[in-house]
């Protein structure tokens, strides 16, 4: 069976890796699967990519052809689809987005009725159907054909939910928002304005092709300049579908996911809201985070990379906060997925509760220098299993000893191998990372 779905959905270049026919067939299967004993009810959201409208139509056609009723939230965020799926008794939710990828890529994310990433057995059944097993499904006919309806009210309800979570007025706070020309373009400013902030919004004029282009959480330099030059209190950068958030402090310095997890976990502990819970991180988190958590008396656990694995650990063990360095932060009592807008609201809560600047809140963290190389390769498994690459990784690990670490892993959503080196200085990090990448290049493993 083919593996179409990675850790964050079925993703690839539009109509090359992920075709409109794939979308139609996914809709056909899900409409049939959930409609075997009742009228299926499925909600769809999308980001601003040119191809998202095409996939929305194809999914809707497939779902209704199998008898499901479809509710369209239109351009919205992934966490909003998760929220509506779990609070309005939908059989499942579908989000059309390739997250932080460029506009030419797109993806289909499947969300279960609890607002969580879809169960593996259902995803496996979808993949089997895409491979022709079963070869045919019955079409709905007559009165059993499904219908599509506007559900922008669901997006508005989610916005109201976020506003209700704010514990302070933002009056007097100057806040910059980078919407990445993506899902938050029509949402973020309204939320922060409603809470009283003086907002400075950038990259909120999507044209279908500019999502994530030189902006958002993966290109945060512009936001840093805006905060610094306008003497703002804080800035927040989202990715294309707003399941990520990174912050910028009043000095224009980046506050990544590790720092956000730290300041929110410390705040929860001080308020008695952490209980015996631990912070859940991934293996990509910085050594400095663990040392700071230990000083604060907060335990932690590590998972494989992916907010899916962070959430699974949180759910299984009752932990209340977890996240990734990239900005996927999960607040267990409030959401079942990473939520960039919720993360921004929680950071504002800490700042306003403590009456402290963001730079002061993150000062206890002394992060190790870290270099991450994202290397586009011809074959991820071949690159990771290459004997000379493995030997180079071992050599770097021996060189670093106990004063750093090296990690190679394949991306779950792109043909990329990530080389992470953490060491006493950035120069050592760069030198070690480059030594591994040079072996990949010499052995013809890299797409030039």
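The values are calculated or read from the model by the stated rules, or taken from the named source; none is laboratory data. All of these numbers come straight from a predicted model, not from anything done at the bench. Note that each Cβ is placed from the backbone with ideal geometry, even for glycine, and that neighbours are counted across all protein chains shown.
Annotations for the structure displayed:
- Listed by position, the strands (runs of 3 or more DSSP E) contained in region 134-205 that have at least 2 residues being at pLDDT below 95, farther than 26 Å from residue 352 by Cβ and in the same structural domain as residue 38 (by TED's automatic domain parsing) form an empty set.
- Listed by position, the strands (runs of 3 or more DSSP E) enclosed by region 312-404 that each have at least 1 residues that are more than 30 Å from residue 169 (Cβ to Cβ) are 370-376.
- Which listed residue, of 344, 304, is surrounded by 22 or more Cβ atoms within 10 Å (Cβ to Cβ) and either assigned by TED's automatic domain parsing to the domain that holds residue 271 or modelled with pLDDT of 95 or more (or both): 344
- If the condition is being touching a residue at least 24 places away in the same chain (Cβ under 8 Å) and in contact with a strand residue (DSSP E or B) (Cβ under 6 Å, 6 or more places away or on another chain), then region 394-414 contributes 396, 404, 405, 406, 407, 408, 409, 410, 412, 413.
- Any hit, region 300-310, residues being out of contact with any strand residue (DSSP E or B) (no Cβ under 8 Å at 6 or more places or on another chain) and either in a helix (DSSP H, G or I) or touching a residue at least 12 places away in the same chain (Cβ under 8 Å) (or both): no
Quick grid of which residues meet (1) assigned to a loop (DSSP other than H, G, I, E, B); (2) in contact (Cβ under 8 Å) with a residue 24 or more places away in the chain; (3) under 24 Å from residue 317 (Cβ atoms); (4) touching a strand residue (DSSP E or B) at 6+ places or on another chain (Cβ under 9 Å):
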| site | (1), (2), (3), (4) |
| --- | --- |
| 237 | no, yes, no, yes |
| 252 | yes, yes, no, yes |
| 259 | no, yes, yes, yes |
| 263 | no, yes, yes, yes |
| 266 | no, yes, yes, no |
| 277 | yes, yes, yes, yes |
| 281 | no, yes, yes, yes |
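- Scanning region 405-428 for residues that are assigned to a loop (DSSP other than H, G, I, E, B) and either loosely packed, with under 14 Cβ neighbours inside 10 Å or assigned by TED's automatic domain parsing to the domain that holds residue 290 (or both) gives 424, 425.
- Matching option when the condition is crowded, with 21+ Cβ neighbours inside 10 Å and more than 20 Å from the chain's Cα centre (by Cα), among 316, 237, 292: 292
- Condition check for residue 129: in a helix (DSSP H, G or I) and closer than 24 Å to residue 185 by Cβ: no
- When region 198-219 is filtered for residues that are in contact (Cβ under 8 Å) with a residue 60 or more places away in the chain and buried (at least 24 other Cβ atoms within 10 Å of the Cβ), the ones remaining, listed by number, are 211, 212, 216, 217.
- Every condition in (1) in contact with a helix residue (DSSP H, G or I) (Cβ under 7 Å, 6 or more places away or on another chain); (2) under 24 Å from residue 49 (Cα atoms) holds for residue 162 except the one numbered (2).
- The one condition from (1) over 26 Å from the mean Cα position of the chain (by Cα); (2) under 21 Å from residue 217 (Cα atoms) that residue 346 does not meet is (1).
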